[in-house]
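K.L.:
Sharing a structure, written as structure tokens. Questions coming.
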Amino acid sequence: MRFFENARPAKGDYFEIRDYTKKWRNLSADKVPKEWQGSQLSDTAYAAREVQEYLEAALWPEEPGHLEGGQRRIFVTRGGHTARLRRDWQLYRQADPNELPPGPEEQERRDAKNRGDHREHAIDAVAIALTSESRLQKMAKDVNDHNDAWTQARRTGQRPKQLRRKPLPPPWGDVQSFRQQVMSLIYPTGTDESSSTPLVVSHRAVGRKLSGQLHEESLFGPVAHQENTFIAKKAIGDLTPKHLRMQVAEKPNDAIARLAKRYQQADRKLSAKDAKARAKKVVEGRGYQPRMVDPSPEKSGLIRDIGLRRVLRKQITERAEKLGLPRDADSFTKSDLKKMLAEPFGPFRQESGVPIKSFRLLRTMNRPVVMTRREFDYETMQWTQLDSKNNPTSPRVHLSGNNHHLEIRRNLRGKWVGTVVSMYEAARRAKKLGVAPVDRTSDDDRGTYVMSLAIGETVYMRDKETNQPGYFVVTKLDSESNRVFLCAHWDARRSVGEKNESGLVAEGTKRRTLPYPPSKMQSLAPPGYDTPVKVSVSPIGQITVVEPHEPRTVDLNDLDAEVVAIAREAIAARESRNAENRKGRRSYGSWSWMRERLRKCDKDHLAAELSSAMRALTSDE
């Protein structure tokens, strides 16, 4: 955009220097002038004409378009006409009609379109649907009469009796009854949103698509003998204060675990309980001195070489003092780092004088995307996979990045638990395994499948703060805590809000989004349901319950015969043994055993049929 600043038009250019100056002033403005209207910021007139021509050609392909002399079948209205009808018919959300009349500023605020509410589009649709040719002609006649009155007043020097334009009458009834009828069909009239209004905004489940980045553009390698710890090479320009954290005293619990492991390695006959008791006695003794260890790398990361950390901390502190910066190695910013690396200092250097251009960074990941590597075998002239067991540092690891959906299941205790599935895992299921991205199977280990939630899908439940039922849309999935973030179906405000003239977030402009763990969602069932339900809202507002599925009858003859046989064998095994003496996850008749049988029969893709067979057989009994 900066090419407009101080730009000079070339010879013969259509634009003049004042055009470039004005463009740069408008593009770089921090505040939008009040005289700019919303229609000027997003003018859709051209798009509307293109859509009009497209629909005429698609619906009536044999007829000429209206621009070619044919009959006009698709009509396009102007935003000014819609706004005038809304003002005349008072189709705005206003306060209680029994209160005192508002002032001019308050009335202007109420009459303005609320762009933070999706339901405003429904009011526009009502006004557009009632914008007939006769009504447009009536509006044009009123404008002409109004202009003639003002012209006559200027000529005679007298004010006409009624210079204010009369509002257009509504299609039926009076303004108050018409407004009440329209608004009652769009906005709730009470606290219970579900029973007082049939209008629910339809959202597209954009998060359900298998599109976008499967993982972030990062490259890490696993660290041998350290679980969930990975290493990568970073440029010195990416350095942050957390990368330079120094050693701290080892925590007592960590010291006990480390010593107990050492005692067991030295004495194989020593039990884990005795080794822990021995280690605890040493740690709690008077002469014990805690060991200095590196802090956990965490997500922020930590430079692996402690000697390099000391060198960088020393040089950063020295350069900060020379630059007069009120910060040190524990608080410097990115801009401070650029000043320290600029002239006359240059790059950081080792004590030997070698410039430091990069460093090795340790960090942790909870759900990394692990990819095995290949090497070319020149004897067989084929690519072979590297064995990650014999060579644990051979795989390459990436940050998972986007999340695809949240799978909610009911465990053996009857509680809802959730697992966030990354985009990479969902794509692996669909492309490599040939199964659905959402795993709807049930077993004893994970629990009974309830529902899945992706960004853009709608849930009917109660609000955890107000306890009022309503429809909520998924806006975010958190893989760390397996939570889902929901907002009201009508909320069109930005997640960060709008800033006022003081640079602060204006009140009421920030979207209300609340986190919900699956265990909390389970207790927020709306009226008429035992649990919250996922619904599908069509573009015309029809609501259909999607999940949890209603119990349905399954014909065993429609299922794979071998799958049914596995289910029958599992049920017989469960009945023939004592459930209290059941040990191990692969016990005879368990879900793990059944999944193993499916793998041996090369029928992993029929896991859903196995769940159906088990439900059908257990319900029959």
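The values are calculated or read from the model by the stated rules, or taken from the named source; none is laboratory data. These figures come from a predicted structure and were not determined experimentally. Reconstructed Cβ throughout: ideal geometry from the backbone, glycine too, with neighbour counts over all protein chains shown. Note: accessible area is taken over every heavy atom of the protein model, side chains too, but ligands, DNA and RNA are not part of it. Shrake-Rupley method; radii C 1.70, N 1.55, O 1.52, S 1.80 Å.
K.L.:
Among residues other than GLU425 whose Cβ falls under 12 Å from its Cβ, what is the net charge (Lys/Arg +1, Asp/Glu -1)?
P.N.:
+3
K.L.:
What net charge is computed for the residues neighbouring SER442, neighbours being all others with C-beta under 9 Å from the C-beta of SER442, Lys and Arg scored +1, Asp and Glu -1?
P.N.:
Within the 9 Å Cβ shell, the charges total +3.
K.L.:
Something else about it: How far apart, in nm, are the 7 Å Cα→Cβ label points at LYS476 and TRP60?
P.N.:
Roughly 5.0 nm, to one decimal.
K.L.:
Can you sort HIS118, HIS225 by 1.4 Å-probe accessible area, starting with the largest?
P.N.:
Greatest to least solvent exposure: HIS225, HIS118.
K.L.:
Let me ask something else about it. Tabulate in residue order the Karplus-calculated ³J(HN,Hα) for region 406-421, using 6.51 cos²θ - 1.76 cosθ + 1.60 with θ = phi - 60°, rounded to whole Hz; enter x for Gly and Pro.
P.N.:
Karplus-based 3J(HN,Hα) across region 406-421 equals 10, 9, 10, 10, 9, 6, 5, 8, x, 9, 7, 10, x, 9, 7, 9 Hz.
K.L.:
Here is a follow-up. Report, largest value first, the span of the C-alpha coordinates of region 218-364 along each principal axis, in whole Å.
P.N.:
63, 37, 28
K.L.:
Moving on to the next point. Take ARG258, project a point 7 Å from its Cα along the Cβ direction, then tell me which residues of region 268-296 have their backbone nitrogen under 12 Å from it.
P.N.:
289-296
K.L.:
With a ≥ b ≥ c the root eigenvalues of the C-alpha gyration tensor of region 401-545, is it rounded (a/c under 1.5), prolate (a/b larger than b/c) or oblate?
P.N.:
It comes out prolate by the Cα gyration axes.
K.L.:
To continue, here is another question. With the Cα gyration tensor of region 346-423 giving a ≥ b ≥ c as the square roots of its eigenvalues, does the rule (a/c under 1.5 for rounded; else a/b larger than b/c for prolate; else oblate) give rounded, prolate or oblate?
P.N.:
Cα axes put region 346-423 in the oblate bin.
K.L.:
Still on this structure, I have one more. Given H placed 1.01 Å from N in the peptide plane, which residues other than close sequence neighbours of LYS510 have an amide H under 5 Å from its amide H?
P.N.:
Under 5 Å from the amide H of LYS510: GLU498.
K.L.:
Starting from the Cα of TRP383, step 7 Å along the direction of its Cβ; do the same at LYS166; then give the gap between the two resulting points in nm.
P.N.:
The two pseudo-label positions are separated by 8.0 nm.
K.L.:
At a 10 angstrom cut-off on C-beta neighbours, averaged per residue, how do the peptides 288-295, 358-365, 390-397 rank from highest to lowest?
P.N.:
Highest-to-lowest ranking by the protection proxy: 358-365, 390-397, 288-295.
K.L.:
Quick one: net charge of TRP383's neighbours, Cβ under 13 Å, K/R +1, D/E -1?
P.N.:
Charge balance in the 13 Å sphere: -1.
K.L.:
Where does region 237-296 land on the Kirkwood hydrodynamic radius, alpha-carbon pairs, in angstrom?
P.N.:
13.1 Å
K.L.:
Cα gyration tensor of region 510-570, axes a ≥ b ≥ c as square roots of the eigenvalues: rounded (a/c below 1.5), prolate (a/b > b/c) or oblate?
P.N.:
Note, shape of region 510-570 comes out prolate.
K.L.:
Can you compute the FRET efficiency between VAL354 and TYR529 using 1/(1 + (r/R0)^6), with r the Cβ-Cβ distance and R0 = 56 Å? Round to the nearest 0.05.
P.N.:
0.25
K.L.:
How much FRET efficiency would the formula 1/(1 + (r/R0)^6) give for LEU323 and GLN226, where r is the Cβ-Cβ distance and R0 is 35 Å, rounded to 0.05?
P.N.:
0.40
K.L.:
At 7 Å along the Cα-to-beta-carbon direction for both ARG428 and LYS299, put a label point, then send me their distance in nm to one decimal.
P.N.:
About 2.1 nm separates the two model spin labels.
K.L.:
Give me Rg/Rg_expected for region 290-397, where Rg uses Cα atoms only and Rg_expected = 2.2 N^0.38 Å with N residues. Don't jump to the answer; show the numbers that get you there.
P.N.:
Numbers: Rg = 20.1 Å, N = 108, 2.2 N^0.38 = 13.0 Å.
Normalised Cα radius of gyration, region 290-397: 1.54.
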